[in-house]
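As structure tokens, the structure follows; a few thoughts come after it.
The values are calculated or read from the model by the stated rules, or taken from the named source; none is laboratory data. Everything numeric in this text was worked out from a predicted model, so none of it was measured. A quick note on method: Cβ atoms are made from the backbone with ideal geometry, for glycine too, and the neighbour counts reach across all protein chains shown. We work out accessible area using only protein heavy atoms, side chains counted, and drop any ligands, DNA or RNA first. Shrake-Rupley method; radii C 1.70, N 1.55, O 1.52, S 1.80 Å.
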Amino acid sequence: MLKSIILFSFLVGCALALGPAVLATKGAVWPKPQAEEKTQDYYTILPHGFNFKVPDNVGCPNFLNDALTRYWTIIATAGSKVSQNSWTRFQADGNFLGTLQTLNIDLEAGCESEDIYPKEGDSENYTLVVDAQGATLSASTIWGVLRGLETFSQLIYVEQDSLIINGTTITDGPRFTYRGLLIDTSRHFEPLTIIFAMLDAMAYNKFNVFHWHIVDDHSFPYKSRTYPELSDEGAYHPFSKIYEQSDVARVIEYARLRGIRVIPEFDTPGHTSSWGASHPELLTACYSNNEPNGNFGPMDPTKNSTYDFVTQLFTEIVDVFPDNYFHIGGDEVDFTCWQNNPDVGTFMGENNIATYKELESFYIQHVVDILDNLESQYLVWEEVFVNGVVLPNSTVVHVWKNNGLTTLRSVVQAGKRAVYSSCWYLSDLQSGGDWNGFYKCEPVALIDDEAELDLVVGGEACMWGEYVNEFSIVPRVWPRASAVAERLWSDREVTDVNDAARRLEEHTCRMNKRGIAAQPPNGPGFCP
Amino acid sequence: MFKLLIALSALVVISSAYGPAVRATKGQVWPKPQQEEKTSDYFIVRPHTFSFQGPADIGCPSLLDDAFTRYWSIIATSASLERRGRLAEMGKKHTKFWQLDESFLGNLESLKVEVSDECTDDALPDFGDNENYTLTVNADGATLSAQTIWGALRGLETFSQLIYLEQDALVINATTITDFPRFSFRGLHLDTSRHFLPVYIILQTLDGMAYNKFNVFHWHLTDDQSFPYKSRVYPELSEKGAYHPVSKVFEPSDVARVIEYARVRGIRVIPEFDTPGHTSSWGAAHPELLTTCYSNNQPNGYLGPMDPSKDTTYDFINNLFTEVVGVFPDSYFHIGGDEVDFSCWQSNPDITTFMSDNNISSYEGLENYFIQHVVDLLDKLNSKYLVWEEVFVNGVTLPNTTLVHVWRGGGFDTLRDVTKAGKYGVFSSCWYLDHLSSGGDWQKFYECEPLNFDGTDEQKKLVLGGAACMWTESVNEYNVMPRVWPRACATAEKLWSAESVNDFGAAQPRLEEHACRMNMRGIAAQPPNGPGVCL
């Protein structure tokens, strides 16, 4: 039966240009599993007659039930109505296995508690078997169960009004442990509904880190408990363009339930103009002709009060965000303001600081010490490493600039861990579907040594917010970030762009159906 | 008072990077009027006591009343409680700032609207219709005068854009505007074949067009990939050739809705049924219309452009185009004629025989033979037409009413040749919205001057305007709005405003305001200028 349908599709393409540019797959998984075998055998699924069977003594029954409800709903809204006609046809088909009534979930080690939080290095492996005996999903962690449920939901497809799942054996796990998406909520404010849509789509692509670039030069939308004036004065609007504490908690919880970590970034000492709206004393006064010229530069590294302020704020942040990592920024520090401020010059002379890079290191060293005291680990943008700040080996260096492959190699050769983004800037646009470039990028192309390879923990797609607002961000990110998701999850050998195009055509329509406003990946086409 | 506010804004900019990259204007008009004078005097507009006063004896009362209702709603919505609360918060203690202000002229109670020409409620915008208007807001009140109903619509749009929210009050400055379009053909082209776009998206696009004074919706209805137009005479075309026979088609009622929605906004709808190329989807139901391609003297299963050698092809087109001319009231029809691939014609032995029987010596000659037939059909139907530039370049005999649509690279030279030959030109070469670069991505559209070719004044008068083209290979219903807007606004201003309005830096603050204005009116425009906010 399935074969005849495929033949039929070919016949319809009677002229080369008629119909979609790329024919979508049916029930193919994105990102591609590590090992997968499918047969011609298949079940139908009737949502009202389908259920998940969970272990009795799982330590986080509510957490698991939330996930099962989400996925049951996704399966049910995929739409199906088995008519008498199709039922008769199925019964006459030797490959028909019947109606699948249960997915058995085997959570081998159980889970600790309802408030379990995903940590770096947690296993996400799972196995999924659909055969004549039924269907079973096995994983050692709740995170593996979540990834397997996503895969299970993607195996199901609509064939002539019926939901079908083929006999399938999948053994899967991620290539990289850190698979991130950066959203910048400073250049344009993004409402919570958009952030939730992003987290949903991240789950559909097995991303596991939401890097929240929450503040920057242009606005400070985070409402701090300690310093509420930061957003009162520094947000685009003091109450309609801010994230209240309850909003932040909601985002963290929404992400946690999907096995996604939330890593906040409070970038210093540059990219901090918005902090100065309420606290100009934090920033370096810029001088022209030996007079303050009214402009402000990076944080003022010469004053103890700067570090006191950062200590207070970061103590709050480490408490608000449960992740054990904090992104402390450190990129693109403009030295001109430090150069022309006479107090900074005096300070450097008194402290034997010879260069502005050293001054930057002096600053970052203080921030690093603050986080060490708070027992938080951290990511830094690559400049912090390149400029020679002393960093513990738990630091993750975030490589983003041009020649990133070379920088990445230097970072791991220095024994530091690294996350890669240089080739995955979603703000860089070209005509067309514009995902091939992201897909073809291999982050460890220049690294051979096994120990060094182990230090590359993953990568991140970056959606800088200068040119996206709530109306354009979702189709700008999806499905382009899906290319990054597959590069970070699937085997290194999964590089066939044509095969990926067919699967991404299906996956994009799948996201559309689930409410994600993804744009077309491959030219002319439609979603059934 | 206003000076004080401006001074306050300057103080807030404590360092150059904080806040929006480009500060929006307040109450500036897009596209920029031909002549405009403003003073610091101002009225306050209170929606519940404001009304439009039309002429008592106008011949098109419904058309005008519809427009009044639309613009009253736009004005009222821009002063929503929520928005007033937000801006009052930003202004802090300055509410009721107008009470002690010498420049305050009082509440504006009405806009008087005068239309001097006769009009009827079923008036249809036509090629060359006057769209001029004058708008005066001064101590005596506010008056909009236009010769035609279309001018009145353009003036109402301008009036609505002059009003801005200052803290918690709608303000309009005393203003004198004399305005008219530089070009009479200001089009937006939308392709509904590569991706089907639902009717609500088309209606939103027409709203966006009205907000930018576009006046032609060029509906590229069909192409190779799908045939969503549901024909009365040949319903099988969409039953077999649409992406889906029910959910991805435009029913006759949908088409009528689009035409009416456009008409009441002063927008013409010009349909395109592109032939003889770009017709694969026609072949889903009628493969006999298309040329059979051959390999090694055998049909290879592929079909090429329309078969120009068969009378039945022309009979079919005659029947379909008779319907289309009946359905679309515009006096123009876009008949396409671009990118005809000759390889299939070359491979087919029957075509070769036909050519020698008819003394046709080249494939350009064969294309001309086809197009000449189509042109003759339309002449008989009393419809005028646009053609893509290839039809002109390949030397088809065209009457002087034809509009040649220039779209390829090197468009300026083509426009020179078209006008030198005494034909009308419509320009699109520099306004392809599917060409993407990083950033706000509208400067390239804004800095394109369509008359930047070597030609006489007489030649330049033959350039009737231009169209921004949204080909939809890589857009669907989810991203078409932010892809088009506000990038197409750049084209709108090039086509409406004076040639001297060409300073990108000066346009940025106005487009920052206009993009937010569109957002507020429900158009999902993307940001034009980098970091920023709409309040």
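Within region B:151-181, track down each residue that is within 20 Å of residue B:492 (Cα to Cα), in contact with an Asp or Glu (Cβ under 7 Å, 6 or more places away or on another chain) and open to solvent by 10 Å² or more (accessible area, probe 1.4 Å).
Within region B:151-181, B:180, B:181 qualify.
Given (1) part of a loop (DSSP other than H, G, I, E, B); (2) surrounded by 19 or more Cβ atoms within 10 Å (Cβ to Cβ), identify the lone condition not met by residue A:419.
Here residue A:419 clears every test but (1).
Return a yes/no flag: does region A:340-351 have any residue that is touching a residue at least 60 places away in the same chain (Cβ under 8 Å) and of a type outside the set (Lys, Arg).
Yes, region A:340-351 has at least one match.
Do you know which of the residues in region A:488-513 that are surrounded by fewer than 20 Cβ atoms within 10 Å (Cβ to Cβ) and basic (Lys, Arg) is nearest to the other protein chains (Cβ to nearest Cβ)?
A:513
Give region A:48-59 a look and list any residue that's surrounded by 14 or more Cβ atoms within 10 Å (Cβ to Cβ), touching a Ser or Thr at 6+ places or on another chain (Cβ under 7 Å) and modelled with pLDDT under 95, or say none.
A:59
Among the residues of region A:97-142, what is the count of those that are surrounded by fewer than 18 Cβ atoms within 10 Å (Cβ to Cβ) and either among the aromatic types (Phe, Trp, Tyr) or outside the structural domain of residue A:166 (by TED's automatic domain parsing) (or both)?
Summing the residues that are surrounded by fewer than 18 Cβ atoms within 10 Å (Cβ to Cβ) and either among the aromatic types (Phe, Trp, Tyr) or outside the structural domain of residue A:166 (by TED's automatic domain parsing) (or both) in region A:97-142 gives 1.
Can you tell me which residues in region B:503-520 are within 28 Å of residue B:196 (Cβ to Cβ) and open to solvent by less than 20 Å² (accessible area, probe 1.4 Å)?
B:515, B:518 - these are the residues of region B:503-520 that are within 28 Å of residue B:196 (Cβ to Cβ) and open to solvent by less than 20 Å² (accessible area, probe 1.4 Å).
Does any residue of region B:455-472 turn out to be without any contact (Cβ under 8 Å) to a residue 60 or more places away in the chain, surrounded by fewer than 24 Cβ atoms within 10 Å (Cβ to Cβ), touching a Phe, Trp or Tyr at 6+ places or on another chain (Cβ under 6 Å) and not aromatic (Phe, Trp, Tyr)?
Yes - at least one qualifying residue is present in region B:455-472.
Working carefully through the options B:283, B:277, find the one that is within 14 Å of chain A (Cβ to nearest Cβ), assigned to a helix (DSSP H, G or I), more than 30 Å from residue B:123 (Cβ to Cβ) and not hydrophobic (A, V, I, L, M, F, W, C). Break it down stepwise before answering.
Working: B:277 fails: assigned to a helix (DSSP H, G or I).
Selected residue: B:283, the only one of B:283, B:277 that is within 14 Å of chain A (Cβ to nearest Cβ), assigned to a helix (DSSP H, G or I), more than 30 Å from residue B:123 (Cβ to Cβ) and not hydrophobic (A, V, I, L, M, F, W, C).
Just name the residue that is modelled with the highest pLDDT out of those in region A:62-92 that are open to solvent by 30 Å² or more (accessible area, probe 1.4 Å) and over 24 Å from residue A:513 (Cα atoms).
My answer is A:62.
Tell me which residues, restricted to region A:26-44, are surrounded by 14 or more Cβ atoms within 10 Å (Cβ to Cβ), modelled with pLDDT of 95 or more and within 15 Å of residue A:165 (Cα to Cα). It would help to see each step written out before you state the result.
Taking region A:26-44 and keeping what is surrounded by 14 or more Cβ atoms within 10 Å (Cβ to Cβ), we get A:26-34, A:36, A:38-39, A:41-44.
Add one more test, that the residue is modelled with pLDDT of 95 or more, and what stays is A:26-34, A:36, A:38-39, A:41-43.
Matches in region A:26-44: A:26, A:27, A:28, A:29, A:36, A:38, A:39, A:41, A:42, A:43.
Where residues in region A:436-482 are open to solvent by less than 10 Å² (accessible area, probe 1.4 Å) and in a helix (DSSP H, G or I), which of them is nearest to the other protein chains (Cβ to nearest Cβ)?
Selected residue: A:475.
Report every pair of residues separated by at least 6 positions or lying on different chains whose Cβ atoms are under 9 Å apart, first residue within region B:243-256 and within 16 Å of residue B:191 (Cβ to Cβ) and within 14 Å of chain A (Cβ to nearest Cβ), second open to solvent by 40 Å² or more (accessible area, probe 1.4 Å) and part of a helix (DSSP H, G or I).
B:249/B:239
Name the residues in region B:128-185 that are of a type in the set (D, E, K, R) and part of a strand (DSSP E or B), would you?
Correct list: B:166, B:179.
Looking at (1) within 14 Å of chain B (Cβ to nearest Cβ); (2) open to solvent by 60 Å² or more (accessible area, probe 1.4 Å), which is the only condition residue A:284 fails?
If we test residue A:284 against (1) within 14 Å of chain B (Cβ to nearest Cβ); (2) open to solvent by 60 Å² or more (accessible area, probe 1.4 Å), just (2) comes out false.
Condition check: buried (at least 23 other Cβ atoms within 10 Å of the Cβ), in contact (Cβ under 8 Å) with a residue 12 or more places away in the chain, away from chain B (no Cβ under 14 Å) and farther than 12 Å from residue A:521 by Cα. Does residue A:485 satisfy that?
Yes: the conditions hold for residue A:485.
Taking the conditions exactly as written (of a type in the set (Phe, Trp, Tyr), assigned to a helix (DSSP H, G or I) and over 20 Å from residue B:324 (Cβ atoms)), does residue B:261 satisfy them or not?
Values: of a type in the set (Phe, Trp, Tyr): yes; assigned to a helix (DSSP H, G or I): yes; over 20 Å from residue B:324 (Cβ atoms): no.
So residue B:261 fails the test.
Output the residues belonging to region B:436-448 that are away from chain A (no Cβ under 14 Å) and open to solvent by 30 Å² or more (accessible area, probe 1.4 Å).
Listed by number, the list holds a single entry, B:447.
Evaluate the following for residue A:217: is it open to solvent by 10 Å² or more (accessible area, probe 1.4 Å), within 27 Å of residue A:398 (Cβ to Cβ), in contact with a His (Cβ under 7 Å, 6 or more places away or on another chain) and touching a residue at least 12 places away in the same chain (Cβ under 8 Å)? Break it down into steps so the answer makes sense when it comes.
Details: open to solvent by 10 Å² or more (accessible area, probe 1.4 Å): yes; within 27 Å of residue A:398 (Cβ to Cβ): yes; in contact with a His (Cβ under 7 Å, 6 or more places away or on another chain): yes; touching a residue at least 12 places away in the same chain (Cβ under 8 Å): yes.
Against the criterion (open to solvent by 10 Å² or more (accessible area, probe 1.4 Å), within 27 Å of residue A:398 (Cβ to Cβ), in contact with a His (Cβ under 7 Å, 6 or more places away or on another chain) and touching a residue at least 12 places away in the same chain (Cβ under 8 Å)), residue A:217 qualifies.
Within region A:358-404, restricting attention to residues that are among the aliphatic types (A, V, I, L, M) and in contact with a Lys or Arg (Cβ under 6 Å, 6 or more places away or on another chain), which residue is farthest from residue A:322 (Cα to Cα)?
A:397
Considering (1) open to solvent by 30 Å² or more (accessible area, probe 1.4 Å); (2) within 14 Å of chain A (Cβ to nearest Cβ); (3) at negative phi, say which one residue B:500 fails and leave the rest.
For residue B:500, the exception is condition (2).
Could you tell me whether any residue of region B:311-326 is over 23 Å from residue A:18 (Cβ atoms), open to solvent by 10 Å² or more (accessible area, probe 1.4 Å), in a loop (DSSP other than H, G, I, E, B) and of a type in the set (Ser, Thr, Tyr)?
Within region B:311-326, none of the residues are over 23 Å from residue A:18 (Cβ atoms), open to solvent by 10 Å² or more (accessible area, probe 1.4 Å), in a loop (DSSP other than H, G, I, E, B) and of a type in the set (Ser, Thr, Tyr).
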